[in-house]
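The values are calculated or read from the model by the stated rules, or taken from the named source; none is laboratory data. Keep in mind it's a predicted model, so treat the numbers as computed, not measured. A quick note on method: Cβ atoms are made from the backbone with ideal geometry, for glycine too, and the neighbour counts reach across all protein chains shown.
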Amino acid sequence: MRALLRFRHGVHPPERKERTAALETRRMPYPPEVVLPLRQHAGKPAIPLVKAGDRVERGDKIAAADGYVSVPIHASATGTVAAVGLWPHPDGSYDQAIRIAVEPWSAQAARPRLVPEWRGLSPREIVAAVQEAGVVGLGGAAFPTHVKLSPPKDKRIEALVVNGCECEPYLTTDHRTMADFPDRVLLGVRLMMKCLGVPKALFGIERNKPDAIEAIRRALPGDIDVEVLPLTVKYPQGAEKMLIQALTGREVPSGKLPLDVGVVVQNVASVATIAEVFETGLPLVERIVTVSGNGVRKPANLIVPVGTKLRDLLDACGGLSDDASEIVSGGPMMGVSQRDLETPVSKGTTGILVLTEAEAQRNRTYPCIRCGHCLDACPVFLNPQLLGSLALKARYGEMEPLHLRDCMLCGCCSYVCPSHIPLSQIFAAAKTAIRKAKTTEPAKAPA
Amino acid sequence: MDLGALLLSALTLGTLGLFFGGLIALSHKRLHVWEDPRIDGTVNLLPGTNCGGCGFPGCRAFAEALVGGKAQPAGCTNMGKEQVLAVAGYLGVEAGEARKRVARLLCAGGTHVAIQQARYRGLATCAAAKAVASGGKGCSWGCLGLADCERACSFGAIRMNRFGLPVVEPDKCTACNDCVEACPQDLFTLMPIDWKLIVQCKSALEGEPAEALCKFACTACGKCVLDAAPELIAIRGGLAVVDYGRIGTAAPGATARCPTGAIAWVEGRQVLDREPVAGSVVA
C-alpha cells in the first residue's frame, strides 16, 4: 500500500471551523423532554418496547433491533415515556418516535454496567455487544457499526482505516474527540482491530488539525500498529472512497465496497464511541454535536443526549442571533435544512449550523453555460452537467448508465457552479424518483 | 483517360446494383408481413397523444387491441363522444361504455389553511423541495405547491389555483397517470368520476396536532364513520378511509359533521379554494 495522502478532484471550501475548533467539549444540561426516533440508523427501524406511562432509566433499552442491519435504541435520560407516536424527523418527514419526559434530578444517576467488560470477550462477543449497545456510524450516515465489523469470510481485510478527516466546513466534533479523548479513540482502534483481526490501522487526519494529530501521536500505544497519516486539506477527503485512495493508493471500483479493496473504514467518532460504551458500560445515549454558524450566539462542541430537540440545544448555546436565517443539520455541504425546532438530534447528527443570510449565500440560478467546472470538481468523475440537464427533463432512465448511483451527493458540483445550479439537490431528487419508479412498476394497468 | 476503365467500373457497379436491387425486391415479396390495414386506419382516427390513459402503451397499441377485439373505442379517455362513434363506425364494433376516470388530489391544504414553518427558496420543483425538509410546509404529507403536476400534464388539465393547489379540470383529464407519477408526495390518485366521497388529506397525524398544521386536515375524529353507511368509512392510520368497494352506499350526509372539511362530496371538479368554516373545532 502506498499512501498518496490526497485524491483527485474535489474542492476547497472555506473551513469556517475557527469558532469552535479550540472549544473543549462540554456537557449540556438535560432538556425537559427527549424524543427518540425509531429510525436513527440505516436499515430497518427499531421496534418499540415501551408504552406511554412506563418509567425508564438512562441506558434502558426502549426499542429493539429489527433484524441484523438494525440496532436497538436506549433511553438517553431517566424519565417517563410520554408517548410513542409521530414526531418531526431530521429528514423532514414525520416518523414514529418515543417521547420521554425527563426527570432532571435523577437523570445522571450512576447505575450498574449494561455493556459487558471487553477484556476476556471474543471478537464475536464484542461485535454482538456493539450491536446491543446501539452503536452506529457517527459520521452522518448512521450505518450500524457491528455490520461493518463483521465482514464476509471470503473477503480478506488487510487494514482498518480510521477517518479523522472531518472535511465538512464548520464541524469540529471529530477534531475535539481526537484532541480531548485520544486514549479513548485508540482503545476503540484496538477493539476494532481485534474484531476485524487486522494487524494494521491507518489513521487519516487532515493537516488542518495539528493538535489532534499531535494528541493521537502522543497517545499511540507501542503494541499495536497504528500509522497516523496527515492528509491534504480538501473536500471531500472524509468520503470513504476518497480516504481509501489517499491512504492506500487503491481505488474502490464503481458499485463496490471498501471491503473489496481490503479495508474497513470507521469514523473516528464511532471508534471513540465503541471505546466509550465499553469503558462506561452505558449504551450509546449521547454524542458530540458541533453547534456553530454566525446565527448562534455561543457556538460550542456539546455532549448532547440523543433525542434533544433543536430548540433545547440552541437554547443551551445562547439562542439564535437576530439575523439567523437557516438551520442545517450536518455540515453545509451535505447537511439537510431543518424546518421545525421540535426536531430531535439523532445518532447521526454531527452538527447543527445556524446560518445567517450572508452565510447561506442564496444566489439566483442562471442557465448552465457548459463551463465544465463541475466535471473538474466531481471526486467520482461523473458528468454533473449532463446528469443535471437530464434530471431537469425527468429523463431518469438515461442517468443510470451515466453512473448516477456513484454520486454520493457531496455537493462539490453545486459548490463550484458559477450559475449556482443546485446540482446535488437535483440529484437527490432524481435518486428518490428513480427509487420510487422501481418500487411502483408497473404503474399502469388496463382500467 | 482510359475509356475501358470507365466502362468497366460503370458495368461492375451497374451489375452489382441490379443484383442487390433484385435481392431487395425478392425479399420484399418473400418476407412480407401482412398487417391489418385497419390498424393504420384506426391510428389515424385516434388522438395520437400516446397518453396511455387507456392502459395500453400508446395509440398504436390501443389500435391493435381495438382491431383484435381486446378493447372498445370508449376505452380511449382522450376522445369526445363523436370521435368514439367514428372509430366504432370505422371498425363496425360497439362503442362500448367508458367509465370516466379523473385524477383526484388527496390534499386540500392550500397556503391559506396550511402553515408554512420555513421558507423554501431553492429550485422551484416539488421533487427538489421534497429533498430539503419537505419544502418547509408544516404538514409533511401535503401538497408542496410547486406545480410538478401542472408541468407533467400534457393536456393542460391541471392549473395551480391562488392557494398553490393543483385543480384538475375533469373534462380535460384523460386519467393518463402522468401527474400521479410526477407528484413526489403521492397525492394524486385516479378514480371514477362518480366516486364522489373523497378524503382530501393524507396526514397521518390525529386530532389537534393535525389541525395545528392545517385547518383542513383529517383529525381522525370519526364523525364521518358514524354518519355514513355501515362499514363505508373506517379510521386507519390517522385518516378516514373510504372503502370504495361499498361506494354505492355513499351519501353526501357523511361529510355533514366533519369539523375540518377534510372529507368532501365532490361533484365534477374538486373545489380546492374554499374558505375554512368559521369556528371549526376539534371534538
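Take the residues in segment A:120-155 that are at pLDDT below 90 and of a type in the set (Lys, Arg); name whichever of them is nearest to A:LEU247 (Cα to Cα).
Looking at the filtered set, the residue picked out is A:LYS155.
Filter segment A:385-442 down to residues that are within 27 Å of A:VAL252 (Cα to Cα) and of a type in the set (S, T, N, Q) and give me whichever is modelled with the lowest pLDDT.
That would be A:THR432.
Yes/no matrix, rows are residues, columns are (1) among the aliphatic types (A, V, I, L, M); (2) surrounded by 17 or more Cβ atoms within 10 Å (Cβ to Cβ); (3) touching a helix residue (DSSP H, G or I) at 6+ places or on another chain (Cβ under 8 Å):
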{"site": "B:CYS173", "(1), (2), (3)": "no, yes, no"}
{"site": "B:ALA182", "(1), (2), (3)": "yes, yes, yes"}
{"site": "B:GLU211", "(1), (2), (3)": "no, yes, no"}
{"site": "B:ALA229", "(1), (2), (3)": "yes, no, yes"}
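Just name the residue that is surrounded by the fewest Cβ atoms within 10 Å (Cβ to Cβ) out of those in segment A:390-405 that are assigned to a helix (DSSP H, G or I) and touching a Leu at 6+ places or on another chain (Cβ under 7 Å).
Of everything passing the filter in segment A:390-405, A:GLU398 is surrounded by the fewest Cβ atoms within 10 Å (Cβ to Cβ).
Considering (1) within 23 Å of A:GLN266 (Cβ to Cβ); (2) buried (at least 17 other Cβ atoms within 10 Å of the Cβ); (3) touching a residue at least 60 places away in the same chain (Cβ under 8 Å), say which one A:ALA46 fails and leave the rest.
That leaves (3) as the condition not met.
Step by step: first the residues of segment B:7-39, then only those that are of a type in the set (Phe, Trp, Tyr) and in a helix (DSSP H, G or I), then the one that is nearest to B:LEU66 (Cα to Cα). Which residue is that?
Step one: filter segment B:7-39 for residues of a type in the set (Phe, Trp, Tyr), giving B:19-20, B:34.
Next, from what is left, pick out any that are in a helix (DSSP H, G or I): B:19-20.
On the way: B:PHE19: 42, B:PHE20: 39 Å.
If we take residues in segment B:7-39 being of a type in the set (Phe, Trp, Tyr) and in a helix (DSSP H, G or I), then B:PHE20 is nearest to B:LEU66 (Cα to Cα).
Filter the strands (runs of 3 or more DSSP E) completely within segment A:300-357 down to those with at least 1 residues that are surrounded by fewer than 20 Cβ atoms within 10 Å (Cβ to Cβ), away from chain B (no Cβ under 14 Å) and of a type in the set (Ser, Thr, Tyr).
The qualifying strands (runs of 3 or more DSSP E) are A:351-356.
Provide a single number: the residues in segment B:104-132 that are facing chain A (nearest Cβ under 8 Å) and either part of a loop (DSSP other than H, G, I, E, B) or touching a strand residue (DSSP E or B) at 6+ places or on another chain (Cβ under 6 Å) (or both).
The qualifying residues number 7.
Given the structure, is A:ARG6 farther than 27 Å from A:ASP180 by Cβ, part of a loop (DSSP other than H, G, I, E, B), modelled with pLDDT of 90 or more and not assigned by TED's automatic domain parsing to the domain that holds A:LEU382?
Against the criterion (farther than 27 Å from A:ASP180 by Cβ, part of a loop (DSSP other than H, G, I, E, B), modelled with pLDDT of 90 or more and not assigned by TED's automatic domain parsing to the domain that holds A:LEU382), A:ARG6 does not qualify.
Does A:ASP91 count as surrounded by fewer than 21 Cβ atoms within 10 Å (Cβ to Cβ), part of a strand (DSSP E or B) and of a type in the set (D, E, K, R)?
So A:ASP91 fails the test.
Among (1) closer than 27 Å to A:SER93 by Cβ; (2) assigned to a loop (DSSP other than H, G, I, E, B); (3) of a type in the set (Gly, Ala, Ser), which single condition is A:ALA269 missing?
Among (1) closer than 27 Å to A:SER93 by Cβ; (2) assigned to a loop (DSSP other than H, G, I, E, B); (3) of a type in the set (Gly, Ala, Ser), A:ALA269 violates only (2).
Restricting attention to segment B:40-93, and to residues there that are assigned to a helix (DSSP H, G or I) and hydroxyl-bearing (Ser, Thr, Tyr), which single residue is farthest from the other protein chains (Cβ to nearest Cβ)?
Step by step, filter segment B:40-93, then rank; the result is B:TYR90.
Being over 30 Å from B:CYS139 (Cβ atoms), crowded, with 16+ Cβ neighbours inside 10 Å, over 25 Å from the mean Cα position of the chain (by Cα) and away from chain B (no Cβ under 12 Å) is the requirement here; does A:LEU387 meet it?
Yes; evaluated as a whole, the condition is true for this residue.
Looking at segment A:358-383 only, could you name the residues that are free of Cβ contacts under 8 Å to residues at least 24 places away in the same chain and either crowded, with 20+ Cβ neighbours inside 10 Å or within 13 Å of chain B (Cβ to nearest Cβ) (or both)?
Matches in segment A:358-383: A:GLN361, A:ARG362.
Could you check, for segment B:133-143, whether at least one of its residues is crowded, with 21+ Cβ neighbours inside 10 Å, part of a loop (DSSP other than H, G, I, E, B) and among the aromatic types (Phe, Trp, Tyr)?
Within segment B:133-143 (the criterion being crowded, with 21+ Cβ neighbours inside 10 Å, part of a loop (DSSP other than H, G, I, E, B) and among the aromatic types (Phe, Trp, Tyr)), the answer is yes, since at least one residue qualifies.
Give me a count of the residues in segment B:203-216 that are within 12 Å of chain A (Cβ to nearest Cβ) and within 19 Å of B:SER134 (Cα to Cα). So that I can check it myself, show each step before the final result.
Here is the first cut: in segment B:203-216, the ones within 12 Å of chain A (Cβ to nearest Cβ) are B:203-207, B:209-210, B:212-213.
Then keep just the ones that are within 19 Å of B:SER134 (Cα to Cα); that gives B:203-205, B:209-210, B:212-213.
Qualifying residue count, segment B:203-216: 7.
So A:ILE421 ticks every box in (1) assigned to a loop (DSSP other than H, G, I, E, B); (2) more than 14 Å from chain B (Cβ to nearest Cβ); (3) buried (at least 19 other Cβ atoms within 10 Å of the Cβ) but one. Which box is left unticked?
(2)
Within segment B:136-147, is even one residue modelled with pLDDT under 90 and at positive phi?
yes
Just for segment B:186-201: of the residues that are surrounded by fewer than 23 Cβ atoms within 10 Å (Cβ to Cβ) and not in a strand (DSSP E or B), which one is farthest from the other protein chains (Cβ to nearest Cβ)? Walk me through it before giving the result.
Going through segment B:186-201, the residues surrounded by fewer than 23 Cβ atoms within 10 Å (Cβ to Cβ) turn out to be B:186, B:189-199.
Cutting the leftovers down to not in a strand (DSSP E or B) gives us B:186, B:193-196.
Numbers: B:ASP186: 8, B:ILE193: 13, B:ASP194: 14, B:TRP195: 13, B:LYS196: 19 Å.
If we take residues in segment B:186-201 being surrounded by fewer than 23 Cβ atoms within 10 Å (Cβ to Cβ) and not in a strand (DSSP E or B), then B:LYS196 is farthest from the other protein chains (Cβ to nearest Cβ).
Exactly one of these conditions fails for A:MET242: (1) assigned to a helix (DSSP H, G or I); (2) touching a Phe, Trp or Tyr at 6+ places or on another chain (Cβ under 8 Å); (3) more than 30 Å from A:VAL354 (Cα to Cα). Give me its number.
A:MET242 satisfies every listed condition except (3).
Quick check on my filter: what residues within segment A:79-132 are closer than 17 Å to B:LEU205 by Cβ and of a type in the set (S, T, N, Q)?
Selection gives A:SER93, A:GLN96.
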